[in-house]
1. If I filter the range 199-210 for residues that are of a type in the set (D, E, K, R) and closer than 25 Å to PRO280 by Cβ, do I get at least one hit?
2. Quick check on the range 67-76. Is at least one of its residues free of Cβ contacts under 8 Å to residues at least 12 places away in the same chain, out of contact with any Ser or Thr (no Cβ under 6 Å at 6 or more places or on another chain), part of a strand (DSSP E or B) and surrounded by fewer than 13 Cβ atoms within 10 Å (Cβ to Cβ)?
3. Can you tell me which of ALA200, ALA229 is farther than 27 Å from ILE156 by Cβ and at pLDDT below 90?
4. Would you check which residues across the range 11-34 are in a helix (DSSP H, G or I) and surrounded by fewer than 15 Cβ atoms within 10 Å (Cβ to Cβ) and list them?
5. Have a look at GLY140, GLY151, GLY186 and point out the one that is at positive phi and not assigned by TED's automatic domain parsing to the domain that holds PRO209.
6. Which condition breaks for GLU216 when tested against (1) at pLDDT below 90; (2) assigned to a helix (DSSP H, G or I); (3) touching a helix residue (DSSP H, G or I) at 6+ places or on another chain (Cβ under 6 Å)?
7. Residues that are farther than 24 Å from THR242 by Cβ: list the strands (runs of 3 or more DSSP E) wholly contained in the range 100-173 that include at least 2 such residues.
Amino acid sequence: MTRPPAKRSRMRLKTHHLQVVAALHEWHSVTKAADELSVSRAALSKTLVSLEEMLGGRLYERTALGMKPTPLGDALARHANLVLANLRAAEGELFDLLRRHSERISLGAFFSTMPLLVPSALARLVRERPNCLVTVREDGMPDLIDGLMRGDFELIVGRMLAEHLAAPIEAMPLYEEGIFAVCRLGHKLAGRRRVSWREAVTFPWILPPHESPVHEILRAELRAAGAEAPAAIVEGLSTPLTLGLVVRSDSIGLLPERIARQEQERQTIVILPLAMQRLPAPVGIAWRGDKAQSPLAVALIAALQGCAAQSLENL
């Protein structure tokens with residue numbers, strides 16, 4: 001039975017309450033949540049009961065699949081994750097101030113931005129602000145968006161698909177980009193002025209995962225050319241993996257335009273004359289619009305904008 005709602009003045013949420021809710025939301029198990037927090041199951045259950053009594057409603061239901069959050073539990077877990085992320089950021093910032101790092105920021109970066117855009121921007125940033133500390137994590141866009149919403153990142157940089165940009169997320173496009181098919185130097189197709197899709201698919205390919213927009217672009221090109229899918233495929237989002245396989249085998253890979261041109265200039269790969277559609281979403285920067293940006297975030301956005309503009313001039 002639902003308890004009468006507690007009066008706002010009597011609510012005394014504490015950090016350990018939020019830690020319990022966040023752990024249960026992640027693991028859906030009292031045992032695993034207790035292990036993560038280094039407390040006994042009995043102690044965690046007691047904290048949960050006292051919290052539910054304080055709030056006047058159930059946070060979790062026990063099911064065959066584990067602890068299932070109620071709408072109240074979902075709402076509290078969302079806020080708990082944000083508060084705990086802010087506390088971790090505050091602890092880190094204070095610690096860095098003691099170590100003479102005057103500013104810090106956490107940046108999430110999509111795989112294709114790591115070889116060129118992100119390092120160029122960070123090099124510019126640390127020249128301008130030598131006492132800053134930047135933490136960078138590379139991931140796919142769904143996980144980066146989730147991390148931004150949890151408060152793990154202040155900024156993320158990657159492909160700004162429309163479905164990722166619901167409020168409170170705000171975004172700034174940097175550039176649009178094409179995709180090039182590439183092969184190694186000395187490949188049978190290297191140096192040819194014309195290559196058909198029917199010829200290209202006779203070789204092994206390394207491609208992004210099946211559900212990615214790039215994979216869909218390739219499927220559309222193959223359908224238009226009346227060509228079958230490549231017989232041998234390795235799937236992965238890693239640019240180093242793509243380059244590593246391409247230069248060591250007869251595999252054909254797909255790379256973003258800027259990375260492909262840079263590697264061709266370095267004479268590590270050859271761009272094949274296979275026409276492809278441009279990617280359906282620009283590369284851009286995103287942040288939470290309901291949180292004030294730090295001065296370091298503003299500086300990093302300016303550095304990313306500057307490096308993106310410079311790379312456009314060099315194409």
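The values are calculated or read from the model by the stated rules, or taken from the named source; none is laboratory data. As the structure is a computational prediction, the values presented were derived from the model and not from experiment. So basically every Cβ, Gly included, is an ideal-geometry build from the backbone, and we count neighbours across all protein chains shown.
1. no
2. no
3. Answer to the check: ALA229.
4. Hits for the range 11-34 are THR15, HIS16, GLU26, THR31.
5. Only one candidate passes the filter, namely GLY151.
6. With respect to (1) at pLDDT below 90; (2) assigned to a helix (DSSP H, G or I); (3) touching a helix residue (DSSP H, G or I) at 6+ places or on another chain (Cβ under 6 Å), GLU216 is out only on (3).
7. Correct list: 103-110, 132-139.
Here's the yes/no breakdown for (1) in the same structural domain as LEU148 (by TED's automatic domain parsing); (2) at pLDDT below 90; (3) within 32 Å of the chain's Cα centre (by Cα); (4) closer than 30 Å to ARG288 by Cβ:
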{"site": "THR2", "(1), (2), (3), (4)": "no, yes, no, no"}
{"site": "LEU13", "(1), (2), (3), (4)": "no, yes, yes, yes"}
{"site": "VAL20", "(1), (2), (3), (4)": "no, no, yes, yes"}
{"site": "ALA23", "(1), (2), (3), (4)": "no, no, yes, yes"}
{"site": "ALA34", "(1), (2), (3), (4)": "no, no, yes, no"}
{"site": "LYS46", "(1), (2), (3), (4)": "no, no, no, no"}
{"site": "GLU53", "(1), (2), (3), (4)": "no, yes, no, no"}
{"site": "LEU65", "(1), (2), (3), (4)": "no, yes, yes, no"}
{"site": "PRO71", "(1), (2), (3), (4)": "no, no, yes, yes"}
